[in-house]
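Have a look at the structure below, then the notes.
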Amino acid sequence: MAVNDPGGADADAEEPPSMLWGLDPVFSAYSRLYITDILQMKESRQVPGVYFYKNHPFFQVDVLGTVVYKREREDFYCYGVDDSTGVINCLCWKDEKWRDQGEPTKCRDPSGSSRGFNIEDELKRLKEAERQSTELEIGDLLRIRGTVKTSRDAREIKATCFYKVSDPVMAVQISHMLEMPRLYRKCYDEPFQMPSDDLGGTEAGGSSHFHYLLSRSVLTLKEFLLEKEVAKFRPYDVEFLLHPLIQTSSAEQESDQHRTSLATQIRKLLKETLSVLQDEGQIFRKMRTQDEVYNVTEQDKDLHTAIKDILREDTKREKYAEKGCHVLHILSSMRQRYSQNLSREVLEVALTFLECKSDIISTTEAHYIVL
Amino acid sequence: MLPLPAAFYFPWEINIDLVKDGASVRTFGRLTSYVPEESKAVLSCQQSSAQCHVSVQTSLVEPFQPILGAQYFVLGEIEKTDGLGGVTLHARALTCVDGVDLALMQQAIVEQRRFFEEREKLMNVQAPRCESPHT
């Protein structure tokens with residue numbers, strides 16, 4: 001059985017853990033697979049009802065094929081569908097609303113214009129058309145979207161949506177035949193990339209690990225700045241904080257081909273951390289000089305004083321007395337008065353801080369006055 | 001209970017030994033003759049400069065509206081009759097597809113075959129490595 005098993009090339013290949021299946025885009029889609037593959041896919045050991053083709057999880061499929069077998073019961077149709085690679089049974093439940101049709105509506109006015117628009121007739125005609133699109137004979141072309149089920153050792157598709165395809169010049173079938181190999185080459189035959197849990201420094205595998213390190217380093221730095229009430233610092237002042245983070249991760253590393261030096265890793269992590277903190281507005285550089293000095297927004301007394309001064313002066317003016325100053329106005333004044341490089345994020349962090357201290361108050365979501 | 005899948009074959013491949021007796025096939029061709037009393041039809045196809053013909057037994061798909069000269073798509077089982085050296089296709093489905101783009105259809109069939117051949121090759125490469133105790 002292992003010989004003719006295109007879906008499970010490595011017989012011992014482990015299934016990806018079920019928690020990660022949602023990361024694979026084909027899992028959520030009604031994937032277009034060849035019927036032969038649907039019949040041969042292996043059922044997951046973790047969750048029944050999910051099947052694997054080359055380590056991609058599937059449970060919903062979309063097939064197009066010729067009806068070669070038909071069985072009708074009161075509640076459902078069972079169509080055998082052949083797409084030239086395989087034949088599969090499709091269980092198609094009849095819709096409740098198609099029963100109690102009475103006689104099929106005879107077209108009262110073929111022109112459709114003489115009597116006007118009769119909604120009941122039109123609805124009846126619509127229902128009839130819907131019903132007819134689901135009633136197929138052998139030789140008709142059927143499209144089915146549904147879930148894959150295994151019942152009594154036979155695979156079948158339980159349709160959620162099915163209809164007869166009108167294909168008078170075989171255009172649909174031809175384009176389907178051309179599309180499928182492309183889909184396979186592009187999606188299904190490409191292995192499912194799982195976020196790797198190795199702690200190497202490689203780009204692909206290490207990126208999620210790096211994000212984890214980054215979030216920890218950002219937190220560590222923030223806590224340090226708060227605790228020690230640091231108003232200004234240079235990068236090498238805080239580099240030591242990152243050492244324990246890198247060292248724990250490299251201690252868990254066994255052998256790896258891309259070992260970057262400890263110093264490089266630290267420098268990279270530090271750079272990213274400072275960048276994140278700047279984007280958040282927690283730190284800023286007052287002046288863009290060679291000397292890389294960072295001010296901590298919530299600790300910078302000069303910044304706070306400047307903001308309060310602007311608010312105090314401007315609210316004396318009639319224009320701002322009632323409503324207060326808008327953030328953007330404060331920003332442009334601060335840029336003139338305090339630092340050209342001030343970003344909106346930094347200002348907002350500072351304003352929030354001052355408001356928490358009850359030095360200023362916001363009159364609207366974006367306006368502030370001084371107390 | 002379900003019939004076997006019918007793979008696509010070109011009309012000129014039906015008459016030679018490429019197709020096994022009893023195999024389910026799909027093919028196409030222009031309806032050049034139809035004898036309702038005997039339920040026999042003939043589909044023809046032009047390949048390079050030669051004409052090739054496929055005899056079709058139409059008992060299962062009658063009655064149908066025969067349009068002589070139109071392109072038809074047929075699905076059914078091959079029966080190789082000895083003596084006459086003929087091959088008959090017992091049709092389970094016969095559909096008029098006049099207007100079909102034959103060149104594109106040929107391209108599609110070739111593309112699908114190529115894909116499965118590549119896959120076959122890949123599996124044969126991997127099979128020796130696969131040490132399965134179950135075989």
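On the principal axes of its alpha-carbon atoms, the range A:212-371 has extents of 70, 30, 25 Å, going from largest to smallest.
Mean per-residue shielding of peptide A:79-87 is 5, counting Cβ atoms of other chains within 10 Å of each Cβ.
Each of the peptides A:138-145, A:237-244 was scored by the mean count of other Cβ atoms within 10 Å over its residues; in descending order, highest first, they stand as A:138-145, A:237-244. Pairs exceeding 28 Å between alpha-carbon atoms, taken from A:232/A:268; A:42/A:94; A:94/A:186; A:228/A:357: A:42/A:94; A:94/A:186.
Considering only alpha-carbon pairs that sit under 8 angstrom and 6 or more positions apart, the relative contact order computed for the range B:1-119 is 23 percent.
A Cβ-based charge dipole, computed about the Cα centre of the range A:212-371 with Lys and Arg at +1 and Asp and Glu at -1, lands at about 540 debye. When the charge dipole of the protein assembly as shown is built from unit charges on Cβ atoms (+1 for Lys and Arg, -1 for Asp and Glu) and taken about the Cα centre, the candidate among A:226, B:12, B:29 whose Cα reaches farthest toward its positive end is A:226. Considering only A:60, A:211, A:241, the residue lying farthest towards the positive end of the dipole of the protein assembly as shown is A:241, judged by Cα position with unit charges set on Cβ. Each peptide in B:8-15, B:97-104 gets a packing score, the mean of other Cβ atoms within 10 Å over its residues, and the list from highest to lowest is B:8-15, B:97-104. For the residues of A:134-146, the average number of beta carbons from a partner chain within 10 Å of their own beta carbon is 2. Here each label is just a point 7 Å from Cα along the line to Cβ, and for residue A:293 and residue A:165 those points are 7.1 nm apart.
Using a simple spin-label model with pseudo-atoms 7 Å out from Cα toward Cβ, residue A:175 and residue A:126 lie 2.6 nm apart.
For the pair A and B, the buried accessible area comes to roughly 3000 Å² in total, with a 1.4 Å probe and the value rounded to the nearest 100.
For the range B:15-86, what does the alpha-carbon gyration tensor say about shape, rounded, prolate or oblate, given a ≥ b ≥ c as the root eigenvalues, a/c under 1.5 as rounded, and a/b over b/c as prolate? It comes out oblate by the Cα gyration axes. Under a 5 Å amide H cut-off, with hydrogens placed 1.01 Å from N, residue B:92 pairs with B:75, B:76, B:77 among residues at least 5 apart or on other chains.
In the protein assembly as shown, taking the dipole from charged Cβ atoms about the Cα centre, the farthest positive-side position among A:34, A:175, A:341 is held by A:341. In a simple Cβ point-charge model (Lys, Arg +1; Asp, Glu -1; nothing else charged), the protein assembly as shown has a dipole of about 1160 debye relative to its Cα centre. Please give the FRET efficiency for residue B:102 paired with residue A:20, using the beta carbon to beta carbon distance and R0 = 45 Å, rounded to the nearest 0.05. It comes to 0.45.
Protection proxy ranking of A:56-63, B:57-64, by the mean of other Cβ atoms within 10 Å over each peptide's residues and highest first, is A:56-63, B:57-64.
Legend: mean number of C-beta atoms from other chains within 10 angstrom of residue C-beta atoms, peptide A:172-179, equals 5. Ligands, DNA and RNA left out, the 1.4 Å accessible surface of the protein assembly as shown is 52% carbon and sulfur atoms. Rounded to the nearest 500, the 222 nm mean residue ellipticity of the protein assembly as shown from helices alone is -10500 deg cm²/dmol, with -39,500 (n - 2.57) taken per DSSP H run of at least 4 residues.
Taken one residue at a time, the phi angles of the range B:28-35 give Karplus couplings (6.51, -1.76, 1.60, θ = phi - 60°) of 8, x, 8, 6, 9, 8, 8, 10 Hz. Gly and Pro are set to x. Scalar couplings 3J(HN,Hα) for the range A:357-371, obtained by applying the Karplus form with A = 6.51, B = -1.76, C = 1.60 to θ = phi - 60°, are 7, 6, 7, 9, 9, 9, 7, 10, 5, 10, 10, 9, 10, 8, 9 Hz; x denotes Gly and Pro.
In summary, chain B shows an alpha-carbon radius of gyration equal to 1.24 times the 2.2 N^0.38 Å reference for compact globular proteins.
Neighbours of residue A:49, meaning other residues whose beta-carbon lies under 10 angstrom from its beta-carbon, give a summed charge of 0 when Lys and Arg score +1 and Asp and Glu score -1. Placing unit charges on the Cβ atoms only, positive for Lys and Arg and negative for Asp and Glu, gives the range B:13-52 a dipole magnitude near 160 debye about its Cα centre.
Between the amide H of residue A:70 and those of A:80, distances stay under 5 Å, these residues lying 5 or more places away or on another chain, with hydrogens modeled in the peptide plane. Based on alpha-carbon atoms, the Kirkwood radius and the radius of gyration of the protein assembly as shown give Rg/Rh equal to 1.20.
The values are calculated or read from the model by the stated rules, or taken from the named source; none is laboratory data. Everything quoted here is computed from the prediction, not taken from an experiment. Note that we place each Cβ from the backbone using ideal geometry, even for glycine, and neighbour counts take in every protein chain shown. The accessibility values were calculated without ligands, DNA or RNA, using every heavy atom of the protein model including side chains. Shrake-Rupley method; radii C 1.70, N 1.55, O 1.52, S 1.80 Å.
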